[in-house]
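Each remark here refers to the structure printed beneath this line.
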Amino acid sequence: MSDVYLDEKYVGTIEHPKEFLKSFIEERRKQKIHATVNVSYESEFDEVSIHTATGRVRRPLIIVENGKALLTEEHLKKLSSSDMRWQDLIEQGIIEYLDANEEENTLVALTERDLTKEHTHMEIDAITILGLITSLVPYANFGQSSRLNRGSKTQKQALGLYASNYLLRMDTDISLLQYPQRPIVKTFMHDISKYDKHPCGQNVTIALLSYDGYNMQDALIVNEGSVQRGFARSFYFRPYNADELRYQGGLIDEIGVPDKEVKAYRSEEDYKFLEDDGIVFPEAKVKEDDVLIGKTSPPRFLGEMEEFSIAANTRRESSIAVKHGEHGIVDMVILTENDEGNKLIQIRLRDQRIPEPGDKFASRYGQKGVIGRIVPQADMPFTASGIVPDIIFSPHSIPSRMTISHLIEVIGGKVGALSGRLIDGTTFSAESEKDLRKELLKSGFRENGTERMYNGITGEEFKANIYVGNMYYLKLKHMVANKMHARASGKIQLLTRQPIEGRSAGGGLRLGEMEKDCLVAHGASLLLKERFDSDKTILHICETCGMVAIFDWLKKRATCPKCGANAEVNSIEMSYAFKLLLDELKSLIIYPKINLKNKY
Amino acid sequence: MIDEIAKQYEGRLPTPLIEEVKKEAKEVKLTRAQGEAIFAKLEQKYKYARIQPGEAIGIVTAESFGEPGTQMTLRTFHFAGVAEVNVTLGLPRLIEIFDARKEPSTPLMVIYLKKPFNKDEKSLEKIIAQIKEIRVHEVLTEISINLLKLHVEYVLNKKRMKELGIPEESAIKAIKDALKTIDIIEKDSRYTATPKSKEGGLPALYTLKERIKEVKVNGIEGIQDVIPKMENNEIILLASGSNLKDVSKIEQVDFTRTTTNNIFEVAKNLGIEAARQTIIAEASKVIQEQGLDIDIRHIMFISDLMTAKGEIKGITRSGITEEKESVLARASFETPIRHLINASLIGEVDMLNSVVENVMINQPIPLGTGLPSLITKLAKESKK
């Protein structure tokens, strides 16, 4: 007796669960039961569960009977001549959708070759074991699975044509590749997803070679000539906006060029791009701190108004300016209104990003790297036929990661570029590597993809043959221009007197606990002290009571408020954070007495 | 001749080092000059290899563990050798050792046998029977509660007991000894257990039934399973569960080589030095299993630190951190307020002698370049 559950609700028991299952599935295939109903048997708990609820992930599989797939060539012919539809296949019981539970009771063959009598289903195509983005990786069956994961992850970060209506959109932090191309080595999924309508990379000539150590550890060498010809150029967009807010008492923000008398007025120079309406004009070339939208707000507290008779005097400056460390060209200005009906101004800034050392690139196999150097075309190595690669990729990136698919694409890309056709690299059913090599040989190149190359600087011939070919390369959204940060001195926090945090605020770079340990381990005692000097202060300590004394700047001498003017007060240097700790201890009613002693 | 030179170096070089040179030197003929040169070079190398004053050995040790620790896989269980004994390894085990947990999550003993027995497969079964813990429920044919008479009835499986080599009388006695407040009467090899007092009613009977099932009839408390294994041409026993004291008492067991991974048990039965050695061995085992390379001296250092007080102290806030002299140093590692308040209650003074305190007040730390200081005090300036 096994229990039967319908959508996790107990409905009764059944004598022979296996037979019940069999007839249930048969009825479903005959369309007597709706095709979206799934049934499964769990022998461990002796339970039959039937699922009809929405939200189950289901996938189609070809039904197999007696070791033979029900989908035949005939069906395929009918499908291609439109005599048959997908729905017909389901209605005729050739294909059925299984959910995760029902899948547990099946044995699915990956390909027709694997079929045995025990199999109940077959995959429609081997590629269905991969997801949408992973199936965009050509020759994936030649690579490690973890590299495939990384490869599909980097594809999501690639710049391309992210939306065809990008001209009308106001997205935050978005980039657009200027000259995107469709890949020479493509997969089946590229066609299905109409990849050529929204491509995400460019085809480049690549050489596997070391170059003066500038491409060690996954770095890339990029040909300056290619960059000048437009390789991997992109636009970076950032929106800025300002509302004309309404406040209590009929007060309102005012958009316009601020008056000089206004509180916190910037310099006149900062407002130079504003037109009479207080908004920048399109195509203005702006730098950091340039005002994009001039705005003044009413005084924060109404009391302020009574002190001064002229209201304009007390208005605050609240303009929107270009963020710290950014620049660009005003791309679009929109005047509209927000949800509350207030005036809203939106400005989109555009910045052309030309590849520079530090920008991130990747192939489709999890081989990501950063530009190490941009080399003038004259200094790039060249082949006997005069081909100069766009990218030099370090060969050391290959052996430990075993991305064979990366190497195959180089050959595939080369064949495709020579013959002027697209190469099919669909996982499990790609054009064979052997054929590609044969075709390469026919085109007059070496079968193994290597070529004689010459050192671009000295003109010497390299002793080894160099692997050269074509690949699809992706520019990823991580660009140095958005990340580079350094600071000498700058803003500090009010409470701790330590530098503030974060790049956008111009903060410091924290030397954390573990970094501190490194300096300690090296015994670099004084360097460590110096590095933590950012909040050092002079404290005056009363020798009698051991508490912090007060320094009277008028009389130029320190006095202890408790022990009186005659107490001996000495000054010591320590971190302000420690002074804070002493204060906190006092709030815990702990008396932190400091005993001073001459160190020497 | 070489002994003469060696004598000069006594006290300047470690004895095992001198002995080793002496042994090697006797095999090759050396002139006096050569012998002296060898010892001079040895002393130079030895001095060079010693740690310099002011070296931050604690942090170097911590970093030497910390960095490879990040690479440790979290795959914690592993089949130890042929026998199917699950042992916690990897990071969880390392944490267990250094935190000085009272019980390892998978206690394990490696039991060696004395000379004739370690090759004798026939006597093996008997020895195992002596060690492996058997509870009543393993030798029961039936057990039930009689609801009318309010007692528990059970029947022992004599055949099974014979197989396991347990005399019936000892089993009956074991149950009787374990349950003092129960009357046990036998009738046609059917036992009835009646509580002496009628209090508790049915629930008490249920607990009695469970208690009878859990009574140990044979073997050693805590040893769940024993598996023999061939190693280096002798039979050793792997026991899951640990009870060093009782296992050592068994005649055939060679207790000089028998080990357990329960550090506290080692400390209790064999002393703190043995515990120190066990910590080193257990930590090295984890590191080796993970294919990492940490110098043994780092492990020895941690082990020394943990056992220096005569009892095992973990690397925790209640362990070695508690031992720190400085209030600020203690407060900087977990539960700061507790430390600060306790220190203020007894008026503790922090002499600011160590690293953490000096980082806090932003003064040069007394390590490395910050260590040297003047010994002579400057004469106090006369007050103007």
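Data table
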{"quantity": "Answer from A:164, A:175 - the residue that is on the phi < 0 side of the Ramachandran plot, assigned by TED's automatic domain parsing to the domain that holds residue A:369 and either part of a helix (DSSP H, G or I) or surrounded by 12 or more Cβ atoms within 10 Å (Cβ to Cβ) (or both)", "calculated": "A:175"}
{"quantity": "Filter pass, residue A:150 being of a type in the set (D, E, K, R), under 21 Å from the mean Cα position of the chain (by Cα) and buried (at least 17 other Cβ atoms within 10 Å of the Cβ)", "calculated": "yes"}
{"quantity": "Candidates A:456, A:502, A:508, A:469, filtered to the one that is more than 14 Å from every other protein chain (Cβ to nearest Cβ), in contact with a Lys or Arg (Cβ under 6 Å, 6 or more places away or on another chain), of a type in the set (Gly, Ala, Ser) and more than 30 Å from residue A:141 (Cβ to Cβ)", "calculated": "A:508"}
{"quantity": "Residue that is farthest from residue B:379 (Cα to Cα), among those in region A:560-588 that are at the interface with another protein chain (Cβ under 8 Å from one of its Cβ atoms) and not aromatic (Phe, Trp, Tyr)", "calculated": "A:588"}
{"quantity": "From A:88, A:46, residue being at positive phi and either surrounded by 12 or more Cβ atoms within 10 Å (Cβ to Cβ) or among the aromatic types (Phe, Trp, Tyr) (or both)", "calculated": "A:46"}
{"quantity": "Residue A:72 vs. criteria β-branched (Val, Ile, Thr) and farther than 22 Å from residue A:108 by Cα", "calculated": "no"}
{"quantity": "Close pairs from region B:124-137: first within 15 Å of residue B:161 (Cβ to Cβ) and surrounded by fewer than 18 Cβ atoms within 10 Å (Cβ to Cβ), partner modelled with pLDDT under 85 and of a type in the set (Asp, Glu), Cβ under 6 Å, at least 6 apart", "calculated": "B:135/B:214"}
{"quantity": "Strands (runs of 3 or more DSSP E) wholly inside region A:470-566 containing at least 1 residues that are free of Cβ contacts under 8 Å to residues at least 12 places away in the same chain", "calculated": "A:550-552, A:557-559"}
{"quantity": "Qualifying residue in region A:205-222 (condition: closer than 19 Å to residue A:360 by Cβ, over 24 Å from the mean Cα position of the chain (by Cα) and either among the β-branched types (Val, Ile, Thr) or in a helix (DSSP H, G or I) (or both))", "calculated": "yes"}
{"quantity": "Verdict on residue B:346 being more than 10 Å from chain A (Cβ to nearest Cβ), at pLDDT 90 or above and surrounded by fewer than 11 Cβ atoms within 10 Å (Cβ to Cβ)", "calculated": "yes"}
{"quantity": "Which listed residue, of B:323, B:334, B:289, is within 14 Å of chain A (Cβ to nearest Cβ), at pLDDT below 90 and over 13 Å from residue B:100 (Cα atoms)", "calculated": "B:334"}
{"quantity": "Contacts under 8 angstrom Cβ, first residue in region B:2-23 being closer than 17 Å to residue B:36 by Cβ, partner assigned to a loop (DSSP other than H, G, I, E, B), 6 or more apart", "calculated": "B:2/B:30; B:18/B:9"}
{"quantity": "Subset of region B:245-277 [touching a Ser or Thr at 6+ places or on another chain (Cβ under 9 Å) and of a type in the set (A, V, I, L, M, F, W, C)]", "calculated": "B:247, B:255, B:263, B:266, B:267, B:270, B:272, B:275"}
{"quantity": "Condition broken by residue B:239, with the remaining ones in (1) surrounded by fewer than 21 Cβ atoms within 10 Å (Cβ to Cβ); (2) outside the structural domain of residue B:298 (by TED's automatic domain parsing) satisfied", "calculated": "(1)"}
{"quantity": "Contacts under 6 angstrom Cβ, first residue in region B:254-282 being under 15 Å from residue B:107 (Cα atoms), partner among the aromatic types (Phe, Trp, Tyr), 6 or more apart", "calculated": "B:258/B:112"}
{"quantity": "Exclusive hit being within 35 Å of the chain's Cα centre (by Cα), hydrophobic (A, V, I, L, M, F, W, C) and within 13 Å of another protein chain (Cβ to nearest Cβ), set A:514, A:484, A:479", "calculated": "A:514"}
{"quantity": "Sole residue being assigned by TED's automatic domain parsing to the domain that holds residue A:98 and part of a loop (DSSP other than H, G, I, E, B), chosen from A:71, A:61", "calculated": "A:71"}
{"quantity": "Region A:102-122, subset touching a His at 6+ places or on another chain (Cβ under 6 Å) and within 23 Å of residue A:427 (Cα to Cα), residue surrounded by the most Cβ atoms within 10 Å (Cβ to Cβ)", "calculated": "A:109"}
{"quantity": "Residue satisfying condition, being surrounded by 12 or more Cβ atoms within 10 Å (Cβ to Cβ) and touching a His at 6+ places or on another chain (Cβ under 8 Å), within set B:355, B:359, B:327", "calculated": "B:327"}
{"quantity": "Sole exception among (1) within 16 Å of residue A:205 (Cβ to Cβ); (2) among the small types (Gly, Ala, Ser); (3) outside the structural domain of residue A:199 (by TED's automatic domain parsing) for residue A:490, by number", "calculated": "(1)"}
{"quantity": "Qualifying residue in region B:138-152 (condition: assigned to a helix (DSSP H, G or I), closer than 30 Å to residue B:202 by Cα and in the same structural domain as residue B:211 (by TED's automatic domain parsing))", "calculated": "yes"}
{"quantity": "In region B:19-61, the residues that are within 14 Å of chain A (Cβ to nearest Cβ), part of a helix (DSSP H, G or I) and not hydroxyl-bearing (Ser, Thr, Tyr)", "calculated": "B:57, B:58, B:59, B:60"}
{"quantity": "Yes/no for residue B:312 being more than 7 Å from chain A (Cβ to nearest Cβ), crowded, with 21+ Cβ neighbours inside 10 Å and either more than 30 Å from residue A:534 (Cα to Cα) or hydroxyl-bearing (Ser, Thr, Tyr) (or both)", "calculated": "yes"}
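The values are calculated or read from the model by the stated rules, or taken from the named source; none is laboratory data. Keep in mind that this is a model prediction, so the values were computed, not measured. Neighbour counts are summed over all protein chains in view; Cβ atoms, including those assigned to glycine, are modelled from backbone coordinates with ideal geometry.
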